[in-house]
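Read through the structure below, which is laid out as structure tokens, and then see the notes.
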Amino acid sequence: MEPAKIIADPDFKIGEVDPRLFGSFIEHLGRAVYGGIYEPGHPTADEMGFRQDVIELIKELKVTLVRYPGGNFVSGYNWLDGVGPKENRPKRLELAWMSLETNQVGTDEFCEWARRAGVEVNMAVNLGTRGIEEARNLVEYCNHPSGSQFSDMRIANGYAEPHRIKTWCLGNEMDGPWQMGHKPADEYGRVAVETARVMKWVDPSIELVVCGSSNAAMPTFGAWEATVLDHTYEQVDFLSLHSYYRKQNNDLETFLGQSMDMDAFIQSVVATCDFIGAKKKLKKKLNLSFDEWNVWYTTEDDDKIMKQEPWQVGPPLFEAPYSHEDAVVVGLLLITLLRHADRVKIACLAQLVNTIAPITTVNGGGSFRQSIFYPFMHAATYGKGTVLNLQVKSPKYSNKQFDAIDYLDAVAVQNEEAEELTIFAVNRNISEALPLEGDLRGVEGYRVIEHIVLENTDPVAKNSLAQPDKVVPHSGGNAGLDSGKLTASLPALSWNVIRLGKQS
Ligand code: AHR
């Protein structure tokens, strides 16, 4: 095949990577909390019931921030149900996922878990069935040091130090008719701006994410963002985007092109933010929080559990395993997010454990890494620093949905402190290796540290507890660097991490 070419020059940059780009999400949904991060009595559980095997995997994944407690769940949640003595906490019918919520994990437990896992909390407030008052009180509970009703309540509950949560979401997917308390854009915009004002009066240091559309196919997409931002632009810091992808009709080539949809989605939302900023004659640029993204497959079992077997505690929902193909697409989505690092400052892989997740546990048993664990771990480990404005020229393919899809998708991140340059690259060709030629400038004295490859002879291979290593990366890629000229062969349908630097 004709080679793909790239040019990287540290003088031409896109933007800094915010560490929060490698966030994830834990919702009270399925076995994410109960049976996922929390399982008292499990052989690895600590004194609070947190599974240490899961915490170890999360540390390895290098997740930086975790959004909590939802998702659709948050739109029916009363945070007061989840604080104070556990024996007094109510059991509620949870209507987003038709489960029974025991409230044994709430705000304090989650913040403590986050401390132990070494992640920042991104807290969502309920703007569906609740509103300004509860949101204000929750900020006071979490962030005010002491001497007021809710800060003293936190202290009485055993947390003398504030949780110091910096990033907050103003509700979840409020444009979606499935959402409890769903609202038209004008109504949501009004509630969001008033909530934002009082939350920031309680703690001016917080940053707020206002809800964008649930996905780009929503009938109100575009108009929703413009209306909501007309109300909130001055008071908020980020606008949210959500999107899930999946292979349909057994069409892998189209599936591999879907990161182009994510790219177009981000570009449209940036344009809408800038339109409202221009209309308001403001210098302030609004950044984006892509706070739900992943590959997601639902099954008949998921539907059956919710419709025919409701009101279970921690039912196994949305646990379809991930294949090698899915991992390559997750790699493409990560490349897309990194390429927009100038405006996408927060992103959350949805979700983290069991539910739509890179980590799977067995109740009372072991845990393992899904295939999608690896590209995320690589990006979060090596995608630190500045994203360069990489020039790419690649052979292409076309199909029914897309006119021209590059076989090569790639992004380069320079870590000046570590004196490293990392190229993340996917070969979308499903049957042939792709030769790569790179012209790398300003990398004198660099050599190839490692060329990590995720490839598989079986594109639908999946990991399981019994066979956890069916999809794992290796470091045997053949990248070479000589006088700034990079060469490599990217295997068919592969995710590649080419690490260059001064260290050997
Ligand atoms: O992540 C699962 C669900 O997907 C979330 O609860 C919701 O926000 C989205 O529709």
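Yes or no: residue 35 within 16 Å of the ligand (Cβ to nearest atom), crowded, with 16+ Cβ neighbours inside 10 Å and more than 22 Å from residue 136 (Cα to Cα)?
Working: within 16 Å of the ligand (Cβ to nearest atom): no; crowded, with 16+ Cβ neighbours inside 10 Å: yes; more than 22 Å from residue 136 (Cα to Cα): yes.
Criteria not met by residue 35.
One line per residue, one yes/no per condition, for (1) in contact (Cβ under 8 Å) with a residue 12 or more places away in the chain; (2) in the same structural domain as residue 334 (by TED's automatic domain parsing); (3) surrounded by fewer than 19 Cβ atoms within 10 Å (Cβ to Cβ); (4) within 16 Å of the ligand (Cβ to nearest atom):
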site	(1), (2), (3), (4)
215	yes, yes, yes, yes
226	yes, yes, yes, no
291	yes, yes, no, yes
296	yes, yes, yes, yes
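Go through the stretch 100-134 residue by residue and tally those that are free of Cβ contacts under 8 Å to residues at least 60 places away in the same chain and assigned to a helix (DSSP H, G or I).
7
Could you tell me whether residue 355 is crowded, with 22+ Cβ neighbours inside 10 Å and either of a type in the set (Phe, Trp, Tyr) or away from the ligand (no atom under 15 Å from the Cβ) (or both)?
Details: crowded, with 22+ Cβ neighbours inside 10 Å: yes; either of a type in the set (Phe, Trp, Tyr) or away from the ligand (no atom under 15 Å from the Cβ) (or both): no.
In short, no.
Just need a number here: residues in the stretch 45-64 that are assigned to a loop (DSSP other than H, G, I, E, B) and not hydrophobic (A, V, I, L, M, F, W, C).
Looking only at that region, the number is 5.
If I ask for residues that are surrounded by fewer than 24 Cβ atoms within 10 Å (Cβ to Cβ) and of a type outside the set (Phe, Trp, Tyr), which ones from the stretch 67-83 would you list?
Within the stretch 67-83, 72, 76, 78, 80, 81, 82, 83 meet the criteria.
Residue check: is residue 275 within 16 Å of the ligand (Cβ to nearest atom), hydrophobic (A, V, I, L, M, F, W, C) and either in the same structural domain as residue 329 (by TED's automatic domain parsing) or not in a helix (DSSP H, G or I) (or both)?
No, not satisfied.
Could you list, in sequence order, the residues of the stretch 430-459 that are surrounded by 14 or more Cβ atoms within 10 Å (Cβ to Cβ) and β-branched (Val, Ile, Thr)?
Result: 430, 443, 448, 449, 452, 453.
Do we have residue 247 as outside any helix (DSSP H, G or I) and either free of Cβ contacts under 8 Å to residues at least 12 places away in the same chain or over 19 Å from residue 427 (Cα atoms) (or both) here?
Judged against the criteria, residue 247 is not a match.
How many residues does the stretch 135-163 hold that are assigned to a helix (DSSP H, G or I) and of a type in the set (Ser, Thr, Tyr)?
Total meeting the criteria: 2.
Among 31, 20, 67, which is the only one that is among the basic types (Lys, Arg), modelled with pLDDT of 95 or more, more than 30 Å from residue 483 (Cα to Cα) and part of a strand (DSSP E or B)?
Going through 31, 20, 67 in turn, just one is among the basic types (Lys, Arg), modelled with pLDDT of 95 or more, more than 30 Å from residue 483 (Cα to Cα) and part of a strand (DSSP E or B): 67.
Going through the stretch 156-183 one residue at a time, which ones are surrounded by fewer than 16 Cβ atoms within 10 Å (Cβ to Cβ) and over 26 Å from the mean Cα position of the chain (by Cα)?
Correct list: 156, 157, 158, 160, 161.
Please go through the stretch 15-32 and give me each residue that is surrounded by fewer than 21 Cβ atoms within 10 Å (Cβ to Cβ) and among the β-branched types (Val, Ile, Thr), ordered by number. Explain how you work it out, then say what you get.
As a first pass, look at the stretch 15-32 and keep what is surrounded by fewer than 21 Cβ atoms within 10 Å (Cβ to Cβ): 15-16, 18-19.
Scanning the stretch 15-32 gives no hits.
Tell me, which strands (runs of 3 or more DSSP E) wholly within the stretch 313-383 include 3 or more residues that are outside the structural domain of residue 66 (by TED's automatic domain parsing)?
Of the strands (runs of 3 or more DSSP E) lying wholly inside the stretch 313-383, none has at least 3 residues that are outside the structural domain of residue 66 (by TED's automatic domain parsing).
Can you name the number of the only condition in (1) touching a helix residue (DSSP H, G or I) at 6+ places or on another chain (Cβ under 7 Å); (2) hydroxyl-bearing (Ser, Thr, Tyr); (3) within 16 Å of the ligand (Cβ to nearest atom) that residue 64 fails?
In the conditions (1) touching a helix residue (DSSP H, G or I) at 6+ places or on another chain (Cβ under 7 Å); (2) hydroxyl-bearing (Ser, Thr, Tyr); (3) within 16 Å of the ligand (Cβ to nearest atom), residue 64 misses (3) alone.
Being over 31 Å from the mean Cα position of the chain (by Cα), assigned to a loop (DSSP other than H, G, I, E, B) and either among the charged types (D, E, K, R) or in the same structural domain as residue 323 (by TED's automatic domain parsing) (or both) is the filter here, so list the residues in the stretch 436-487 that pass it.
441, 444 - these are the residues of the stretch 436-487 that are over 31 Å from the mean Cα position of the chain (by Cα), assigned to a loop (DSSP other than H, G, I, E, B) and either among the charged types (D, E, K, R) or in the same structural domain as residue 323 (by TED's automatic domain parsing) (or both).
Condition test on residue 276, is it over 24 Å from the mean Cα position of the chain (by Cα), surrounded by 14 or more Cβ atoms within 10 Å (Cβ to Cβ) and modelled with pLDDT of 95 or more?
Against the criterion (over 24 Å from the mean Cα position of the chain (by Cα), surrounded by 14 or more Cβ atoms within 10 Å (Cβ to Cβ) and modelled with pLDDT of 95 or more), residue 276 qualifies.
Please state which of the following conditions residue 153 fails to meet, knowing it meets all the rest: (1) under 24 Å from residue 305 (Cα atoms); (2) in contact (Cβ under 8 Å) with a residue 60 or more places away in the chain; (3) more than 13 Å from the ligand (Cβ to nearest atom).
(1)
Name the single residue, out of those in the stretch 246-271 being among the hydroxyl-bearing types (Ser, Thr, Tyr) and surrounded by fewer than 22 Cβ atoms within 10 Å (Cβ to Cβ), that is nearest to residue 193 (Cα to Cα).
The extreme case among them is 268.
Let me spell it out: the conditions are (1) in contact (Cβ under 8 Å) with a residue 60 or more places away in the chain; (2) touching a helix residue (DSSP H, G or I) at 6+ places or on another chain (Cβ under 7 Å), and residue 193 meets all of them except one. Which number is the exception?
The single condition residue 193 does not satisfy is (1).
Search the stretch 228-244 for residues being outside any helix (DSSP H, G or I) and more than 12 Å from the ligand (Cβ to nearest atom), and hand back the single one that is farthest from the chain's Cα centre (by Cα).
Looking at residues that are outside any helix (DSSP H, G or I) and more than 12 Å from the ligand (Cβ to nearest atom), I get 234.
For residue 341, all conditions in the list (1) within 27 Å of residue 33 (Cβ to Cβ); (2) under 17 Å from the mean Cα position of the chain (by Cα) hold save one; what is the number of the exception?
Only one criterion in (1) within 27 Å of residue 33 (Cβ to Cβ); (2) under 17 Å from the mean Cα position of the chain (by Cα) is unmet by residue 341, namely (1).
Suppose we filter the stretch 278-302 for residues that are in a helix (DSSP H, G or I) and within 30 Å of residue 337 (Cβ to Cβ); how many remain?
3
The values are calculated or read from the model by the stated rules, or taken from the named source; none is laboratory data. Just so we're clear, the structure is a prediction, and the values are computed from it rather than from any experiment. Glycine also receives a Cβ, built like all others from the backbone with ideal geometry; neighbour counts cover every protein chain displayed.
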